[in-house]
Amino acid sequence: MSDDVGGVRDHLANERTQLAWLRTGANVMVVGLAVARFADEGSVTIASLFAGGLMILAGAVAVGYGTFRYRRVAQELRAGTASSAASSTGPSIAAGVLVVATVAATVILLLAA
C-alpha cells in the first residue's frame, strides 16, 4: 500500500512541476504580447515586435520543455527508474534561456528608444 501512495505522490509532484512550467511559460508569453503591443509608438515598432516575439518564443520553449520533462519523468516513474527527476541540469539551462531572452528583449527595447 505504501508503494502505491508513494507512486501517486510522485506522479502528483511531477504534475505540479509541469504546471509550474506551463504557468511560467504562459506568463512569459503574455509579457511578450504586452511588449509587442507597445509597437504602436512609431520608431520602436520593429524593436517592440522583435523583443515581444523573442519573449513569446522563450515562453513557448518553456512550455515545450516542461511538457517534455513531465512525460520523461512520468515514463521513468512507471518504469521505477526516475533517474532524470533528480537532475537539475535541464531546468537550470531552461531558466538560463528565459533569463537571457528577458535581458535580450530589454536591451533591444532600450537600444531602440
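Looking at GLY66, GLY80, GLY52, just one residue is of a type in the set (Gly, Ala, Ser) and under 14 Å from ALA34 (Cα atoms), and that residue is GLY52. Within region 20-75, the set of residues being surrounded by fewer than 15 Cβ atoms within 10 Å (Cβ to Cβ), hydroxyl-bearing (Ser, Thr, Tyr) and modelled with pLDDT of 90 or more comprises just one member, THR67.
All told, THR67 meets the bar of being touching a residue at least 40 places away in the same chain (Cβ under 8 Å), within 11 Å of the chain's Cα centre (by Cα) and assigned to a helix (DSSP H, G or I).
The values are calculated or read from the model by the stated rules, or taken from the named source; none is laboratory data. Keep in mind it's a predicted model, so treat the numbers as computed, not measured. All Cβ positions, glycine included, derive from the backbone under ideal geometry; neighbour counts span all protein chains shown.
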